[in-house]
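Asker: Once you've had a glance at the structure underneath, I'll fire off some questions.
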Amino acid sequence: MPSPPNYKHSKPSKSRAGMLLATSGCMPFPLQGVTMTSWWNRIVLGLLVLFALSQFLRPSRVNPPVVAAHTIEANLAVPPEVAATLQRSCNDCHSHQSVWPWYSNVAPVSWLLAYDVRHGRAALNLSEWSAYPASEQKDLLTEICTEVSDSDMPGIPYVWIHPQTKLSDAEMKSVCRWTAAASQAKQPTSQQPATTEQHAPDTD
Ligand code: HEC
């Protein structure tokens, strides 16, 4: 416990917060009697309590089931190397196949990851491609090329933490070659009505 304030103007204790102010000879009242260490301890303790409490706010980390017939691969011809790039670099935020690493359990990182996945899936969901109207599919294909060629996707800090998700120049080119070809092609299966079908045909 802090000792009672010392109103004596002479010889303030050297161990006190007032060390720096000691030369002035007169301590401001609230600082007197509180050591630097005890302020530091309080701050650290406060942060630890906040950290512990924040763990109770658990964001949802759900991968909804993947219906094979709804995926981009089932609805567009995707060359295998492009499919591999999308899986490696985009799936975490733009599909129902997100990988949730151990630190996705730890607040506040968990909140940031969940936020990214929620907004990523809302902007572009490769697992629910068939739900987009044809015109939106076309726009998204164009956007995919733009985002990867500008190196905007995958974004920072994700690429720092997962350097293997960065696209090579060759990969960017093949993504754009594919999006250009795919948006020319007829979109055969857009606007499928949502079904409750649980058993998508097995495709390989
Ligand atoms: C770490 C998560 C994450 C990864 C990985 C990621 N994205 Fe995104 N992406 C987002 C988020 C969040 C948004 C929505 C907010 C925004 O536009 O920044 C988004 C938006 C988009 C959009 C829509 C842009 C618009 O203006 O509507 C496209 C297209 C896109 N991403 C493509 C990709 C592609 C292609 C990849 C893989 C090469 C990828 N993203 C990887 C998080 C991610």
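Asker: What is the number of the single condition among (1) within 11 Å of the ligand (Cβ to nearest atom); (2) at pLDDT below 95; (3) assigned to a helix (DSSP H, G or I) that Met172 does not meet?
Answerer: The number of the failed condition is (2).
Asker: Inspect all residues belonging to segment 184-191 and state whether any of them is modelled with pLDDT of 95 or more, over 17 Å from the mean Cα position of the chain (by Cα), surrounded by fewer than 13 Cβ atoms within 10 Å (Cβ to Cβ) and more than 30 Å from Pro59 (Cα to Cα).
Answerer: Looking for residues that are modelled with pLDDT of 95 or more, over 17 Å from the mean Cα position of the chain (by Cα), surrounded by fewer than 13 Cβ atoms within 10 Å (Cβ to Cβ) and more than 30 Å from Pro59 (Cα to Cα), one finds none in segment 184-191, hence no.
Asker: Hey, another quick one. List every residue pair whose Cβ atoms lie under 6 Å apart, where the two residues are 6 or more positions apart in sequence or sit on different chains, the first residue falls within segment 152-165 and is assigned by TED's automatic domain parsing to the domain that holds Pro101, and the second residue, located anywhere, is in a loop (DSSP other than H, G, I, E, B) and more than 6 Å from the ligand (Cβ to nearest atom).
Answerer: Partner pairs satisfying both residue conditions: Val159/Lys166.
Asker: Is it true that Glu136 is surrounded by fewer than 16 Cβ atoms within 10 Å (Cβ to Cβ) and either more than 10 Å from the ligand (Cβ to nearest atom) or at pLDDT 95 or above (or both)?
Answerer: Criteria met by Glu136.
Asker: Of the numbered conditions (1) in a helix (DSSP H, G or I); (2) more than 16 Å from the ligand (Cβ to nearest atom), Pro64 satisfies every one except a single condition; which is it?
Answerer: (1)
Asker: Next question, about the same structure. Checking Arg118 against (1) more than 30 Å from Ser54 (Cα to Cα); (2) modelled with pLDDT of 95 or more: exactly one of these is not met. Which one?
Answerer: (1)
The values are calculated or read from the model by the stated rules, or taken from the named source; none is laboratory data. Since this is a predicted model, take the numbers as computed values, not measurements. Don't worry about glycine lacking a Cβ; one is built from the backbone with ideal geometry, like all the others, and counts go over all protein chains shown.
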